[in-house]
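The values are calculated or read from the model by the stated rules, or taken from the named source; none is laboratory data. Since we're looking at a predicted model, the values are computed, not measured. A quick note on method: Cβ atoms are made from the backbone with ideal geometry, for glycine too, and the neighbour counts reach across all protein chains shown.
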Amino acid sequence: MNAATEMPLPFVFTDSAAGKVKELIEEEGNPDLKLRVFVTGGGCSGFQYGFTFDEVANDDDTALQKNGVTLLVDPMSYQYLVGAEIDYTEGLEGSQFVIKNPNASSTCGCGSSFSV
């Protein structure tokens, strides 16, 4: 049973992020790739975000389709991403995927580490 069919998704995958993921997948030449967003222990604030491409969705993953791109979140990471926005930004400091997470009580300067 897929969690995506049982409950509304508690996070936002922006058009900007989906567009960049689609561009990166096209560069790789592998249409089976999906973006996996995950949370692991570590970083200067206790938890950190990670992004990777994956060809396979696990049975317990939550999957979100946007603009022809699939975003995957595992059950452990799901609880930390409730209410979060997954975005892609371009600016003077460079281009990067950004997670705006209302559950994070503090974040580090780099923005990839957080605490709850």
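Worth a mention:
- Only listed residue being among the charged types (D, E, K, R) and modelled with pLDDT under 85, chosen from E85, E93: E93
- Residues that are under 10 Å from F38 (Cα atoms) and touching a residue at least 40 places away in the same chain (Cβ under 8 Å), drawn from segment 72-88: V73, P75, S77, Y78, Y80, L81
- Number of residues in segment 44-58 that are closer than 17 Å to K100 by Cα and outside any strand (DSSP E or B) equals 2.
- Criterion violated by L64 - all others in (1) under 12 Å from the mean Cα position of the chain (by Cα); (2) at pLDDT below 90 satisfied: (2)
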